[in-house]
Amino acid sequence: MNTVTTLRELRTAIAQARAEGKRIGFVPTMGNLHAGHVSLVQIAAQRADFVVASIFVNPLQFGPSEDLDKYPRTLAADQEKLLGAGCHLLFHPDVSEMYPQGMASQTRVMVQGVSEGLCGASRPGHFEGVATVVTKLFNMVQPDIAVFGEKDYQQLAVIRTLVRDLDMPIQIVGAPTQRAEDGLALSSRNGYLSAEQRAAAPALYRSLQAIAEELRRGARDYQRLIEAAQAQQRQAGFVPDYLEIRNAISLRPAVIDDRHLVILTAAHLGKTRLIDNLLVELPGQ
């Protein structure tokens, strides 16, 4: 696996792979990789001949009170994981390479609809930063496929909409959420949790499972289900941010007749903000 830091080096390597007739797969990350990221690279390696990963901690998607400065940078360990997963090329640019004209004057990309509410409400400007950097990376790499985790479900919906609306010839692949044995969704931010908090953290997923079980039994009073699950979160020590039941395809608020549902939540455990979601397929009437 080669590591490059400039756009020129990236395009040279990809041009060579294209000249050899290879199909390009892409996995963008912010580094501090865990088994969830590794699974994305493995999926890309199964579907493409030449796998590119990027590691770039994108300042545009962090708010002023968020953890940009303390976000873990673990390049050497990340390189080992990527190599073992089947990555061929790592793009590891710095901020000046990604935003050579500076961030203040950077053209921004905004995706309407699916970026609103949920994390879009809690983190103003976040999805504009995500959509902007992903658009740039897609233009730099020009992949045939790109793989993203379903754990960041709203982000995945934003990227799918972005690709559709801007006519990008890229297949977006959603990969199932990877979890620890106790159910906690794998996340780079789990490393911020104390031992006591880590023991309590799986309650976030259990609150979603409780709603899913009720839905499968026929419950349709969404507000009652949400309030009960948030009480469960608070009892475990969480401070809920949001918990919503939405249409899994459009991400609009769910209505009684919807059969493809997704339950999405975000909550703080101490200073750490965790997110999770759970897809629920209900039988047709």
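Structural remarks
- Among the residues making up segment 235-248, those that are closer than 14 Å to Ala157 by Cβ and in contact with an Asp or Glu (Cβ under 9 Å, 6 or more places away or on another chain) are Arg246, Asn247, Ala248.
- Checked against the criterion of being surrounded by fewer than 19 Cβ atoms within 10 Å (Cβ to Cβ), of a type in the set (D, E, K, R) and either free of Cβ contacts under 8 Å to residues at least 12 places away in the same chain or closer than 17 Å to Leu118 by Cβ (or both), the candidates Asp276, Asp221 yield just one match: Asp221.
- Of all residues in segment 64-87 being touching a helix residue (DSSP H, G or I) at 6+ places or on another chain (Cβ under 7 Å) and at pLDDT below 95, the one that is surrounded by the fewest Cβ atoms within 10 Å (Cβ to Cβ): Leu68
- Subset of segment 68-101 (residues that are free of Cβ contacts under 8 Å to residues at least 60 places away in the same chain and either of a type in the set (D, E, K, R) or assigned to a loop (DSSP other than H, G, I, E, B) (or both)): Leu68, Asp69, Lys70, Arg73, Thr74, Asp78, Glu80, Lys81, Gly86, Tyr99, Pro100, Gln101
- Residues of segment 238-262 that turn out to be touching a helix residue (DSSP H, G or I) at 6+ places or on another chain (Cβ under 7 Å), under 18 Å from Gly284 (Cβ atoms) and in a loop (DSSP other than H, G, I, E, B), as a count: 1
- Selection count where residues are of a type outside the set (Ser, Thr, Tyr) and within 22 Å of the chain's Cα centre (by Cα), scope segment 189-211: 12
- Within segment 44-60, tally of residues that are out of contact with any Gly (no Cβ under 8 Å at 6 or more places or on another chain) and either part of a strand (DSSP E or B) or buried (at least 22 other Cβ atoms within 10 Å of the Cβ) (or both): 2
- Unmet requirement for Met1, which otherwise passes all of (1) touching a residue at least 60 places away in the same chain (Cβ under 8 Å); (2) closer than 17 Å to Asp144 by Cα: (2)
- Number of positions in segment 88-97 that are under 14 Å from Thr29 (Cβ atoms) and surrounded by fewer than 21 Cβ atoms within 10 Å (Cβ to Cβ): 2
- Residue count, segment 7-28 (criterion: more than 15 Å from Lys136 (Cβ to Cβ) and not in a helix (DSSP H, G or I)): 7
- Test result for Pro64, without any contact (Cβ under 8 Å) to a residue 60 or more places away in the chain, out of contact with any Cys (no Cβ under 8 Å at 6 or more places or on another chain) and closer than 21 Å to Cys119 by Cα: yes
- When Gln232, Gln209 are checked against the criterion of being without any contact (Cβ under 8 Å) to a residue 40 or more places away in the chain, part of a helix (DSSP H, G or I) and in the same structural domain as Thr272 (by TED's automatic domain parsing), a single residue qualifies: Gln232.
- Tally, over segment 263-282, of residues that are in a loop (DSSP other than H, G, I, E, B) and closer than 14 Å to Leu204 by Cβ: 1
The values are calculated or read from the model by the stated rules, or taken from the named source; none is laboratory data. Since the model is a prediction, treat every value here as computed from it, not as a measurement. Here Cβ is always computed from backbone atoms with ideal geometry, including for glycine, and neighbour counts include all displayed protein chains.
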